Structure formats: structure tokens, C-alpha cells
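For reference, the structure discussed in these notes is given below.
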Amino acid sequence: MRRGAGGRWPTGIRPSAPGARATRLELFYDLVFVFAFLNVTTLTAGNPTPGGLVQCLIVLALLWWCWTAFAAFGNVVRTDQGVVPLVGFATTAAAFVFALAMPQAFRDNPGGLNGPLVFAVCYFLVRASQVAAFGWVARGDPVLRRQWLLLSVPVVIATGLILTASTLPQRFVEGSAEVGLRLGLWIAAIAVEYGVGLVLRGTGWTVISAGHWAERHALIVLVALGESVIALGLGPGLIAGLSLTWPIIIGAVLGIAVVAGLWWAYFDTLALALEQALHRTRDVDARVALARDAYTYLHLPLVAGIILFALGLKGLLDEGADPSNPAWGLPLPGFDLLALYGGVALYLLGLVALGWRALRALRWPSIGFVLLLAASAPLAARLPELIALGLLGVVVVALTAVQTAADAPLRGRVRQVALQEQYAAEADQTRWRGEHL
């Protein structure tokens, strides 16, 4: 945060620095989101309908907004110093209960607490604690304290809408109208949170460490990719005692090939180029705009695409392990095909948008392969599921090869700069340790 002249940091708070990186405590926070992503797919797998998909994306959008506040706070202060860890543990507990309530976010199961209400209250507690933490940091600066009040407005409005949706009396509306009204209130809450984030200016927030900001978002992409690996591991139903067969092994290898291709498409060059572009942006307001657009907003399609892909994987290998099914599985249901192919397409489109926003470079190979995915989906719908997964794997691997070749000049420059930065950082650390340890 930009503190005015004479602004003092509160006792127990240590400010971040331009060279700061992600802390181990922030990785601890992310463990909750590993569980949360798993619950998002569980929520949708039990309701494989267009309405269920909308609910999945709504919950994911709220979850992502909670995570971005953790990332922003860690960019402002040192999360593993002073009293901040205690605040983080309390917020993490609320976030865990929030994730625990996700499967019941839209329905109230009998015999327990009201699921939608618990979800709404936990979302309020997480967001309120995050805003309170920023207010605590800003209390020593009168200017920041006034600007901080703007941050509380969308939290109050959004949580009010979610609470209204969770407690909506059924006597007002019934059936599909009730579902539509509840979804409308949820979507309005998301529009408030994300819309205010786009139009609000002068909150005093800035990106102190570009390296930290880039690293935090790269790590959450890894967390989402891990959800795909978990879906592969849990999908075959081996825990239930089903036999290990060649189709299962081939399907697992094909799934890992797709996940590896998605990793390469982001981490090999683009993630490094994004971080370097953020480092080079010296103007404070321009840096905030780039960090907001390229990371807070445009990384959400990446995570959503991976989660949808993981959703499509759920149950795919389970049918392959069932001896009563054909060796290569049955044709994919329409919903699973949409999640599998649509998730990868959304991820690739997110990479295209990132390249254009941060580098002003249009990634034509990725656009071409998205069109290829759309054209091949009708064919995949008629193929056995493992063959359809293999077709997807071929497309993703081919894309990574073509895009890497197209990025060759940029790739050489970006990776050389990243390597030199790594050497310099290691040399500085070695020198300091030799003098002080």
C-alpha cells in the first residue's frame, strides 16, 4: 500500500519489500484451496447439468476472489512475521469451513445446519477478516484509512446479496423461478465484487513485489493442475477394489500428457514473460492495472479451465475400470465432453488474452488449436472415452510444440533473462550467508 509521508506501520506488522517472494505460510494458506478446488468439482459432478455448471463457475468465482485477497495482503506485508500468522490462521479456518460448505452452497440437506446459510456466513467472515486486516495495516495513515473504507462497500453489498439468496423464503417463488432468482442474486454479488475491482481507483494499493505477485499466481495455477492429477488418481475407482487394467494405465498416461502440455503452455515462457513485463512497468498506476488485469482477472479463466478439465476426468477412468464396459469405454456424455474439451479451450483462450494484455502479442497457434478443438468435439462425442481423451492429448501436445516453435525468439530472450536473474539472486544469497552465517 502507498503510505503517505510520515505514515507509520502498526506494531507487529513488517512491510514487504520489492524483492519479496512467497512465504511458506502463504503455501499453507493454499492447502485450503487444494481442498476447495476438489470440492468445487465434487459439487458439479453430483449435478452434471447446465445449471450445475453455472453453480460451479459461481462458487469458483467467489473462491477466487477470496484467494486474491490473500495474495494481495501477502504482497503488502510479510505474512510470516509479527502477529500476521495468527491473523492468517484465523482467516484460514474460516476459509476452510467456507470450502467445506461448498457442496451444500445451493441446497439445504436435511438433518444438519442450513448449507447455503453456512456458506454465505463463512464467505462474509473470510472477506470481512481480509478487509479488516487491510484496515489494520492502513490505520497509521489517515489517507489510506479513508481510502480503505471504499474496500468495505463491495464486501457488504455482495455478502448481503448472498445472504439474501440463502434465506429466500420459498413462499415468494417456487420451482425454476426460485432457482433462477437465487442464481441471479449470486451473479449480482459476483458482479459487485469484480465490477468494483475494475472501476475503483485510489484505494492506495500497489504492487510492492512483482516477483511475489507473479509467483503467487503461478503457484495457484499449479494447485489447480494438481486437482487434475487428483482427479486422475481417484477416477479409476481402485480404492473400491476394481482391477488395474491396460485401459486405465493408458488413460492415466494420456491424462498426464494433457496436464503436462497445459503446464508447458503457461510456465515454459509465458509466465516468465508476464513477470518480467510487470517488473519493467515502473509507473505505479500502470503496474497496478497490469497486475489486476493480467493476474487477478485473466488468471481466473486459467484456473476455471483446469477445474473444468478435472471435472471431465472424474468418472472417465472409472468406467474404463468397469469390466462390464467396452475396453476403451463408452462415448463421453455431452456434459463430460463439454467439461473436458471446453476446459482446455478456456485455458488456451486465457493464455491468448494474457499474451495480448501483457505483451501485446497475439498467440495465433493457440487460437488455431482452440478452433481445432471446437471442430473435433463432434467427432470425439462419437468415440470411446479413452480414444476421445487420446485425441485431446494429441491436440494439446501438438499445440505446445507449435506454440513453442512460434515463440522461439521470445523464449530465448525471456528464459535467458530469468536465468541471469536466478544466478544474480543466488550469488547475493551466497555472499550474505558467507558474511552473516
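Observations on the model:
- Take each peptide in 40-53, 348-361, count the other Cβ atoms within 10 Å of every residue, and average; sorted highest first, the result is 348-361, 40-53.
- Using Cβ point charges alone (K and R +1, D and E -1), the dipole size of region 24-205 about the Cα centre works out to roughly 380 debye.
- Furthest towards positive pole of dipole, Ser166, Tyr423, Ile250, structure part the chain, Cβ charges: Tyr423
- Fewest neighbouring Cβ atoms within 10 Å first, the residues Asp336, Asp428 line up as Asp428, Asp336.
- Under the convention that each Lys and Arg Cβ holds +1 and each Asp and Glu Cβ holds -1, the size of the dipole of the chain around its Cα centre is about 1520 debye.
- Put a dot 7 Å past the Cα of Ala132, heading toward its Cβ, do the same for Phe89, and the two dots end up 1.7 nm apart.
- Order by protection proxy (mean Cβ within 10 Å, highest first), peptides 416-422, 189-195: 189-195, 416-422
- The separation of region 78-96 from region 333-365, counted between C-alpha centres, amounts to 34 Å.
- Net dipole in debye of region 215-406 [+1 Lys, Arg Cβ; -1 Asp, Glu Cβ; about Cα centre; nearest 20]: 600
- Gain on full stretching of the segment that runs from Ala408 to Leu168 - 0.36 nm per residue minus C-alpha separation: 80.8 nm
- Candidates Ile187, Phe335, Val207 compared by Cα position along the dipole of the chain: farthest toward the positive end lies Val207, with charges placed on Cβ.
- Alpha carbon centroid spacing (whole Å) that separates region 393-437 from region 275-289: 20
- Computed Kirkwood radius, in angstrom, where 1/r is averaged over Cα pairs of region 24-205: 17.2
- Positive-end residue of Gln81, Ala93, Leu371, charge dipole of the chain with Cβ unit charges: Gln81
- Segments 269-275, 22-28 sorted - mean Cβ within 10 Å per residue, highest first: 269-275, 22-28
- Spherically averaged projected area of region 215-406 from its Cα convex hull (nm²): 10.6
- Scaled radius of gyration (Cα, divided by 2.2 N^0.38 Å) that the chain gives: 1.03
- Cβ-Cβ FRET estimate between Leu181 and Phe35, R0 fixed at 25 Å, reported to 0.05: 0.25
Here, each number is a calculation from the coordinates, and none is a lab measurement. For clarity, every value in this text was computed on a predicted model and none was experimentally measured. Counting neighbours? That spans all protein chains shown, and the Cβs are built from the backbone with ideal geometry, glycine included.
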